[in-house]
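Inspection log for the structure reproduced underneath, given as structure tokens.
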Amino acid sequence: MWSFSKIANIIHEWLSQTFNVTWTTIIEMVIAGVAVISLFAVLGLVLVIMERKVSAWMQIRLGPNRVGPKGLLQSLADTLKLLVKEGMTPNGADKFLFNLAPFIAMMVAMLLLAPIAFAKDFQLWDLNIGVLYVSAISSISVISILMAGWASNNKYSLLGAMRSGAQIVSYELSAGLSVLAIVVLTGSLQLSEIVNSQANGWWIFKGHIPAIIAFITFIIAVTAETNRAPFDLAEAESELTAGFHTEYSGMKFALFFLAEYANVFIVCAIGATLFLGGWMPFHIGNWNGFNNIMDWIPSSVWFFGKTFFLIFLIMWFRWTFPRLRIDQLLNLEWKYLLPISMVNILLVTAMAILKWHF
Amino acid sequence: MDLFLLQVTNTAAEASTSANYFPIGIQFLFAIVFVAVMIALTHWLGPKRKTADKLANFESGIEQVGNARQPMAIKYFLVAILFVLFDVEVIFFYPYAVNFKSLGWGGFAAVLMFVGFFLAGFYYIIKKGALDWED
């Protein structure tokens, strides 16, 4: 059967037969880079159409249905339209920072893709401090938002940037702590090892109640960190026009948009890796027949299935909860989530020392 | 007590070589090139008809009043400063989370004390009203 790792191996063997070691490495890096960029483009298109279709489905309407079969090419058409729009820099803006902000937003999203395990034995870069790397890089994204908001010299942008500055940094605390709960259970920061530790059951099942608390905290925190409703104060359309990217137009706006959707994908992929077993299939104890059927499904299908399930969950939130006010938002984090996740991590540690988990 | 930070599978020498981080440099380059190409493409394809009205900042259709870069509510900055304090404490958990098995109950007691200090500071900022938005 075909799998990602097999294809990668075939390419690697062919390259190492044809070229010497240095060139093989360089060509493989180029292939990986191009693959990441195309994954990015595809993700952006798929997630935008998915968002619109899901919201249409929840509001019992059709959603985009004109361009292509069932409207599936709508986001491609939108991208083309944005590409031929005029990209402007407003008069009062700080020109350098204004143009630098989309670069940073995109770079953060792209660097975060590197340590994610997409399928069995298929990972761009198996870093030994994977979890730390992810939390370190993802905290840079707030700089791009603050930069965009401040450089625009627009009141809406500045308000949006200030709000998201306070919001993203606050929710990073509980996101970091809930991720740490899984690090404690696994004893490793390497993402491939975290996945392998879930071969006999995903952490959300093996880790008892503390793992479930950590999962819920993680989902709430990443929804806030990616500026998704009900925590979309940074770009609240109905009060701040478009928040920090009000002044951006054309492709610069599209890059912010793309980075935002890529970030949603990445945090859901991290959540799937840590709590739902990454590419590990679903197994039930000793039911060998059932387990064999589950093994037959390719690992990449498992990974993307779990990730898109989490993405669907986050889209579902958007149409379920009304937007919070900034003080309610910060109260939720500082007075509830942070103490809960702090105590939770102590619980997990005590549980792991007593070896109560499976 | 020997604490080896962030050593999971590799030895210290292996984990800290810069060659391990080479792929990230490539990824970084590709990201810059991708964004640059996109912005250059839109610059090349899009129209360039700039007028004074178009380049004015958007203020819901009315005339722009003053500069946007005015003093903001101090609360936002207070939250950012509190974050710096608390995030450093979260970072201290990483080495412990990896090594807690060899440290056992002694390490757990130490972390309990650490979290105790953490919560004392937390109680202080709540009582001080640092997170109250109503004046």
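Every number in this text was worked out from the coordinates using simple rules, so none of it is lab data. Note that this is a predicted model, so its numbers are computed, not measured. For neighbour counting, all protein chains shown are included, and Cβ atoms are generated from backbone atoms with ideal geometry for every residue, glycine included.
Spatial offset of segment A:314-357 relative to segment A:194-244 amounts to 9 Å, using the alpha carbon center of each. Approximating the spin labels as points 7 Å out from Cα along Cα→Cβ, the A:Phe321-to-B:Met113 distance works out to 3.8 nm. Among the lysines, which fall within straight-line cross-link reach of A:Lys252, defined as a Cα-Cα distance under 18 Å, with same-chain neighbours fewer than 8 residues apart omitted? Partners within reach: A:Lys81, A:Lys85, A:Lys95, B:Lys48, B:Lys50, B:Lys54. Using all Cα-Cα distances in segment A:87-354, what percent lands in each 5 angstrom bin from 0 up to the longest? Histogramming segment A:87-354 at 5 Å steps yields 1, 6, 12, 16, 18, 15, 12, 9, 5, 3, 1, 1, 0, 0 percent. In order along segment B:29-35, phi translates into HN-Hα couplings of 4, 4, 4, 4, 5, 4, 5 Hz, rounded to whole numbers, per the Karplus curve 6.51 cos²θ - 1.76 cosθ + 1.60 with θ = phi - 60° and x for Gly and Pro. The trypsin sites (Lys or Arg not before Pro) of segment B:66-120 meeting both criteria, a DSSP state outside H, G, I, E and B (loop) and at most 16 other C-beta atoms within 10 angstrom of the site's C-beta, are B:Arg69.
With R₀ set to 22 Å, the beta-carbon distance separating A:Asn288 from A:Ala199 gives a calculated FRET efficiency near 0.90.
Near A:Met280, no amide H atom lies under 5 Å from its own; only residues 5 or more places off or on other chains count, and H is placed 1.01 Å from N.
About its Cα centre, chain A has a charge dipole of approximately 720 debye under the convention of +1 per Lys or Arg Cβ and -1 per Asp or Glu Cβ, with nothing else charged. Among the trypsin sites (Lys or Arg not before Pro) in segment A:252-347, those placed in a DSSP loop whose Cβ has at most 12 other Cβ atoms within 10 Å are A:Arg325. Put simply, the C-alpha atoms of the protein assembly as shown give a gyration tensor, and the ellipsoid matching it has half-axes of 36, 31, 22 Å, longest first. Taken as entire DSSP H runs, the helices of chain A that both span 27 Å or more between Cα atoms along their own long axis and average 0.0 or more on the Kyte-Doolittle scale are A:21-58, A:95-113, A:155-186, A:250-275, A:299-318.
In segment A:14-95, which trypsin sites (Lys or Arg not before Pro) fall in coil by DSSP and have 16 or fewer other Cβ atoms within 10 Å?
Numbers: sites: A:Arg52, A:Lys53, A:Arg61, A:Arg66, A:Lys70, A:Lys81, A:Lys85, A:Lys95; in loops: A:Arg61, A:Arg66, A:Lys85.
Passing both the DSSP loop test and the Cβ count: A:Arg61, A:Arg66.
Once the C-beta distance of A:Ser238 and A:Ile297 is scaled by a Förster radius of 35 Å, the resulting FRET efficiency is 0.25 to the nearest 0.05.
Largest first, the three principal axis extents of the alpha carbons in segment A:36-189 are 50, 44, 30 Å in whole numbers. Using the alpha-carbon positions of segment A:255-341, Rg (one decimal) and Dmax (whole number) come out as 17.4, 53 Å. Note on A:Phe312 and B:Glu59: the model spin-label points, each 7 Å out from Cα along the C-beta direction, lie 4.7 nm apart.
As an exercise, use a Förster radius of 56 Å and the Cβ-Cβ distance of A:Val84 and B:Lys101 to find the FRET efficiency, rounded to the nearest 0.05.
Details: r = 58 Å, r/R0 = 1.04.
E between A:Val84 and B:Lys101, to the nearest 0.05, is 0.45.
Remark: segment B:77-84, residue by residue, has Karplus-estimated 3J(HN,Hα) of 6, 4, 4, 5, 5, 4, 4, 4 Hz, where x stands for each Gly or Pro and the curve is 6.51 cos²θ - 1.76 cosθ + 1.60 at θ = phi - 60°.
Evaluating kT/(6 pi eta Rh) at 10 °C and 1.306 mPa s, with the Kirkwood radius of segment B:71-135 over Cα pairs in the Stokes-Einstein relation, gives 116 µm² s⁻¹. Backbone N atoms of segment B:90-113 closer than 16 Å to the 7 Å Cα→Cβ label point of B:Ala120 belong to residues B:110-113.
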